[in-house]
């Protein structure tokens, strides 16, 4: 065998060895790639599964809050139970201030029979919610001619009746373990058999305010408070954040001071929200004397918390604008300010708006700083302005979760569902605005 033949054989063997080793390494690489791909898919499936379990558990607990148990009664607006003027006819103001409890008591006794004794009368009155008199008050206020007439109306049941009819609270337990007495259960069964019990859509949950009675508690006051607080946050945070981002990204010299500012902004984005609450308590309430428990005070604190988040997202959006936009504007003779205003900002605006809406969504879900600002107070009125006492959705959910009554459990879950719906809507709006402005650009 010649040297050339030997060298060729050795080269071929070496080539086959290298080819076999390459194939083994390639198969191993493909195997690891498949494992990583399956691991990623598995992680997504687990995350979606856990999210689904969370949403299902909250939904099963909270969907009953969107239903209200009502009792049908024939109500007599007896003039003897209502305040009358000299001519015998009550005015609208008098009807608005009247006590309709005796009218409801008479309607219950006419339907279920005379209650013998104080205890029986109290138990009979506990079948109907304390808010039933407000329903009659609205009816009489809207139509004063109802005085002296009889009307068949559906009145909200009490919280205990509500829980029993919905099947949340069992009745086949010992007397000392349930809220309803045997007499109340008998009355309830009588009303059921006669078709005088129904479950209707709970409009009071969306139009009412907070209450110590679970069947009367609503979300509207907290929702309005959240929107007012977010309005203050947006008014303060958006222009300051955009201007700060434009200066740092387009005009500020790159030196030690700007680097320090950038580091501090990044650090502020990671500061726990309760620190901003302590700052607001010490400065805005104690020094500037802002109204406690108001959307103005809460919005200022949330604006401080949102500032670094929006600045970082705005700088990222400005940085993503291609340099050709700036160069083209400069070649046309535009000043640095005109370059930013007419060439850079319109292109970066989708990203800026997206970051702003996400920052607002995060502010909407904050509770700790607002607790320190006094927005944990019991407020049963809808705020009419930025300085009125108010609460917000997360704090309202927290208050319901801390309540001992069983009816507030479903209210808590329903409030979480409403809050999640608002957050999803805001994120969907961010995606929509980003796509629409990108197409327009």
Sites residue 72 and residue 25, calculated FRET efficiency, Cβ-Cβ separation with R0 56 Å, nearest 0.05
0.10
Quick numbers on region 288-441, Rg and Dmax over C-alpha atoms in Å, give 20.5, 70
Cα-based Rg and Dmax for region 134-191, where Dmax is the largest Cα-Cα distance (Å)
16.0, 48
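Highest first, please rank the peptides 194-203, 363-372, 112-121, 98-107 by the mean number of other Cβ atoms sitting within 10 Å of their residues.
Numbers: 194-203: 13.7, 363-372: 21.0, 112-121: 12.1, 98-107: 18.9.
Final packing ranking: 363-372, 98-107, 194-203, 112-121.
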Taking the 0 to 90 degree range and rounding to the nearest ten, how far is the long axis of helix 3-62 tilted relative to the main principal axis of the chain, both from C-alpha atoms?
10 degrees
Which of the peptides 227-240, 306-319 is most tightly packed, and how do the rest follow, judged by the mean count of other Cβ atoms within 10 Å per residue?
306-319, 227-240
Between residue 41 and residue 433, with labels modelled 7 Å along Cα→Cβ, what's the label distance in nm to one decimal, could you check?
3.7 nm
Taking the alpha-carbon set of the chain, what are its Rg and Dmax in Å?
33.1, 136
Give me the angle, in degrees from 0 to 90, between the Cα long axis of helix 182-193 and the longest principal axis of the Cα atoms of the chain, rounded to the nearest 10.
80 degrees
Rounded to whole Å, give me the distance from the Cα center of region 321-363 to that of region 202-230.
40 Å
I'd like to compare 209-219, 260-270, 45-55: which one has the highest average count of other Cβ atoms within 10 Å, and what's the full order after that?
209-219, 260-270, 45-55
Using alpha carbons only, how many degrees (0 to 90, rounded to 10) separate the axis of helix 101-112 from the longest principal axis of the chain?
80 degrees
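Read-outs throughout are calculated quantities, based only on the coordinates presented, and are distinct from any laboratory measurement. If you're wondering where the values come from, they're calculated on a predicted model, not measured in any experiment. Because the Cβ atoms are built from the backbone with ideal geometry, glycine has one as well, and the counts that use them run over all protein chains shown.
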